[in-house]
Structures are given as C-alpha cells and as structure tokens.
Amino acid sequence: MRLRKKPWIKDAINDYKEVLTEACPDLNWRETFKRDAPFYVELGTGKGKFIAELAERNPEINFIGMEAQLDVLYYAAQKVYERQLTNVRLLHFDVNNILEIFSPGAISRVYINFCDPWPKNRHAKRRLTHKVFLDKYRSILTNGGELHFKTDNEKLFEFSLNQFADAGLKMKHISFDLHNSDYKDNIMTEYEAKFSAMGMKIYRTEVKFVE
Ligand SMILES: C[S@@+](CC[C@H](N)C(=O)[O-])C[C@H]1O[C@@H](n2cnc3c(N)ncnc32)[C@H](O)[C@@H]1O
C-alpha cells in the first residue's frame, strides 16, 4: 500500500497515542493491556479495517497490529481510537524484527492479509509466508497457535501452501474462492474489498503450529 507522503501525519498521529505502543526492549504486553488475555497479532495491518472489526467482535482477545508505514498506520489508529476499542494496540514496526518484541510462546494467533507478493524469485525471502518468517512465528506462537492467511495472489498462495507443507504445518479450511465458500465469519480488509470488486478470487487458509 503506497500513499502519497503526508508530512502532517507524523504529528497528527499523536492524537491517537492511546492506541499506539512503542516498540522497546522491555515491552510488557500484559502491562500494556492491563489484563491477562490471549494475544492475536496482525502483520501489515494497513488502514486497519480488519483488526478494528475483528477486535469489536472479540472483546475477550488482546489484538496487536503492526505496520511498517506510518502514513498507513495513521488511518488504522484513527479507526481503533474512534471506535473506542480498548483491546487493540498498534505499532509502527517491521515484521522482520518480530522476535524483538514478543517472548517465546506469547502469541496465540497471527493474521496475514494480502501481504506484498514479492513476485521475483530473488525476493522470495521477503514474502511473509517464507520459511524464514515461519520460523519466527513458530518461536513466538503457543503450541497449537495458528496463522490465518488470505491473499488475492494465486502464485503467492501456491508458494505459501508449499512453505507450510515443507515446514510440517497442518493446514485446514483451505479455500481457493473464499467469497463463494461456506466460510461465514469473513471480515473484508481494504485490499480484499478492492480486489474482489475487480472480480478477483480470494484465497485463504489456516495453519496450525504444533510441536
Ligand atoms: C498490500 S498491503 C495490505 C494491507 C491490509 N492487510 C489489507 O489487506 O488491506 C500490505 C501492507 O503490509 C505492510 N507491510 C509490508 N511489509 C511489512 C513489514 N515487513 N512489516 C510491517 N508491515 C509491512 C505494508 O506497508 C502494507 O501496508
């Protein structure tokens, strides 16, 4: 997601400080949320439609959204703040460094929605479903923790299914056309709305990490 640079966002995002968390080495997530509850993390949150709706439907879960672009995160922070969701925190953060802010086994679920496909083979390691990332997720997820993945990109989906299989992960609810499937609880992301309006199919699966 590329937005035209908006210099005012750097200051304006401070209006939503309450829903933002700064990454630091002694970050304590239980203290941040002031309660004990499972943690679900969305990687590449974009403008936040998905995490805001999911958090509204699941008040018993602590949700953490991370996004590398501040200009995009601003709109997610605005949504979370305006809906007064106390069970969401957002971070301006790069998924590559995810091991720095979560301790082993801390997270129950990871969501990846419409991540950048990085179509060139030489960039395959940048795909958020590459083995390099799966190893990181395995380390922070609980035993039995899950990864829920959606994309519009058939090639990325095929690549990801193979990465999951090679990593020995158990896949379930694989769909090659989510919007014409039996899956009832779907929450559309911004990208999903855009791509499905163009007539593109949406691919989805859930992956379980067990020892
Ligand atoms: C194609 S957009 C999808 C946004 C949203 N998930 C959706 O479905 O509407 C991918 C998003 O992931 C973010 N992103 C890509 N690589 C990232 C990384 N390494 N760490 C954090 N965010 C990243 C991008 O900035 C962008 O906002």
* Kindly work out what percent of the DSSP beta bridges joining two residues of region 9-209 are antiparallel, to the nearest 5. => 35 percent
* Structure fact -> Under the Karplus relation with 6.51, -1.76 and 1.60 and θ = phi - 60°, whole-Hz ³J(HN,Hα) for region 137-142, x at Gly and Pro, equal 4, 4, 6, 8, 7, 5
* To do: Please tell me which of these pairs span more than 20 angstrom C-alpha to C-alpha: Lys10/Lys136; Lys10/Lys47; Lys49/Lys194; Lys17/Lys79; Lys10/Lys125; Lys150/Lys208?
  => Lys10/Lys136; Lys10/Lys125
* Asked: How big is the Kirkwood radius of the chain, worked out from every pair of different alpha carbons and given in Å to one decimal?
  -> 17.6 Å
* When the Karplus curve 6.51 cos²θ - 1.76 cosθ + 1.60 is applied with θ = phi - 60°, which whole-Hz ³J(HN,Hα) does each residue of region 61-77 get, with x for Gly and Pro? -> 10, 8, 10, 10, x, 10, 8, 7, 9, 4, 5, 8, 4, 3, 6, 5, 4
* Asked: Stretched out fully, how many nm does the piece from Ala12 to Ser181 gain, at 0.36 nm a residue minus the Cα gap?
  -> 56.8 nm
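Read-outs throughout are calculated quantities, based only on the coordinates presented, and are distinct from any laboratory measurement. Given the structure is predicted, the values throughout are model-derived calculations rather than measurements.
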